Amino acid sequence: MNPKYALFIWSSYALALAVVLWNAFSPQLRRNDLKRRLSESLEQSGDNEE
Amino acid sequence: MWTWFHQLASPPTFYRFADVLAPWLFGLAVLLIGVGVYGGLFFAPPDYQQGDAFRIIYVHVPAAALSLSIYTLMAVAGAVALIWRMKLAEVAVVAAAPVGASFTALALVTGMLWGKPTWGAYWVWDARLTSELVLLFLYAGVIGLNQAYSDPRAGARACAWLALVGVINVPIVHFSVTWWNSLHQGASILSVEGIRNPKISGDMLWPLLVSLAGFYLFFGAVWLRRMQNEVLWRERNARWAQETVAA
């Protein structure tokens with residue numbers, strides 16, 4: 001087994017880690033953005049009512 | 001039991017249910033993936049032909065299995081959405097697509113990285129590889145279709161149709177190694193013969209099964225989180241959603 005293929009193995013694991021991290025954190029980032037946008041629109045509608 | 005399922009279809013009940021379940025799924029998934037990957041890298045013996053290159057199996061196989069399972073799940077949810085017009089099923093289809101696409105891409109790239117040391121080539125236009133690439137395009141189609149509509153319900157219904165039509169590709173991917181002369185190896189676990197007489201040593205098999213279980217639980221956690229976001233956005237004018245945002 002050529003030792004240079006160790007790079008292929010570790011690259012596979014690094015890519016898998018990247019995919020797992022993206023999947024783990026992107027819903028949280030989206031949720032924070034959603035909550036910010038929704039609370040802003042709620043505040044705006046409250047100001048308009050006043 | 002059925003009453004509970006009906007209640008779960010209500011967006012606020014689902015949102016609270018997912019809030020409780022997702023962290024447990026996520027914690028268990030991290031533990032299982034960690035154990036599976038560690039076992040695969042440090043406890044499993046090298047393969048007699050492929051040496052250490054076979055260790056890519058512990059991320060490649062779960063990614064490939066998820067790519068097929070998620071698309072099948074999308075087709076089932078799509079059928080439910082089209083037949084019973086259930087909002088949560090529509091949400092399930094659109095929320096699963098990006099996760100499925102990411103795991104399909106991972107299966108393809110890790111497969112290429114495994115192909116070079118074992119076959120001598122990163123890519124061959126083999127039935128398994130080509131049909132998996134078609135699966136990635138189908139996922140991209142669902143994501144694009146959803147974003148092309150301004151009405152989320154119309155977009156989700158179009159995605160449900162594409163998921164239903166595209167599911168024909170799932171058995172093609174799975175059986176491609178049996179139906180055609182393929183460079184890719186045959187099924188080692190997911191076949192009747194494979195279960196009766198395992199083609200893989202127990203030392204190599206247990207980390208794979210643990211890793212598979214972990215990746216499936218991870219998908220469950222991520223899917224629930226994405227569904228929650230979609231539900232919150234769609235229900236933004238409802239009182240419960242506004243209370244959730246304000247909390």
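The values are calculated or read from the model by the stated rules, or taken from the named source; none is laboratory data. Note that the coordinates shown come from a computational prediction; the quantities given were computed from them, not determined experimentally. All Cβ positions, even for glycine, are placed from backbone atoms using ideal geometry, and neighbour counts span all protein chains on display. For the accessible areas, the whole protein counts, side chains as well, though only heavy atoms, and no ligand, DNA or RNA atoms are used. Shrake-Rupley method; radii C 1.70, N 1.55, O 1.52, S 1.80 Å.
Table for the structure above
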read-out: Longest segment of chain B lacking trypsin sites (Lys or Arg not before Pro) that sit in a DSSP loop with at most 13 other Cβ atoms within 10 Å; value: B:86-198
read-out: Accessible carbon and sulfur surface of segment B:1-144 relative to its total accessible area, %, 1.4 Å; value: 73 percent
read-out: Calculated FRET efficiency for the pair residue B:168/residue A:44, C-beta based, R₀ 35 Å, to 0.05; value: 0.15
read-out: CD proxy at 222 nm, helix term only [per DSSP H run n ≥ 4: -39500 (n - 2.57); per residue of chain B; nearest 500]; value: -26500 deg cm²/dmol
read-out: Segment B:107-199: chymotrypsin sites (Phe, Trp or Tyr not before Pro) in DSSP coil with no more than 10 other Cβ atoms inside 10 Å; value: B:125
read-out: Å² of accessible area per residue within segment B:54-236, as computed with a 1.4 Å probe and no ligands counted; value: 43 Å²
read-out: Net lengthening on full extension, residue B:43/residue B:86 (0.36 nm per residue, minus Cα-Cα); value: 10.8 nm
read-out: Sites residue B:187 and residue B:150 - FRET efficiency at Förster radius 35 Å, r taken between beta-carbons, to 0.05; value: 0.20
read-out: Cut-off 17 Å (backbone N to label point 7 Å along Cα→Cβ of residue B:28), residues of segment B:201-220; value: B:209-220
read-out: Binned Cα-Cα distances of segment B:54-236, short to long, each 5 Å bin given as a whole percent; value: 1, 8, 16, 19, 19, 14, 10, 7, 4, 2, 0
read-out: The protein assembly as shown - convex hull of alpha carbons, volume per residue in Å³; value: 151 Å³
read-out: Percent RCO, i.e. relative contact order, over chain B, from Cα pairs under 8 Å lying at least 6 residues apart; value: 34 percent
read-out: Efficiency of FRET from Cβ geometry, residue B:116 and residue B:9, R₀ 41 Å, rounded to 0.05; value: 0.30
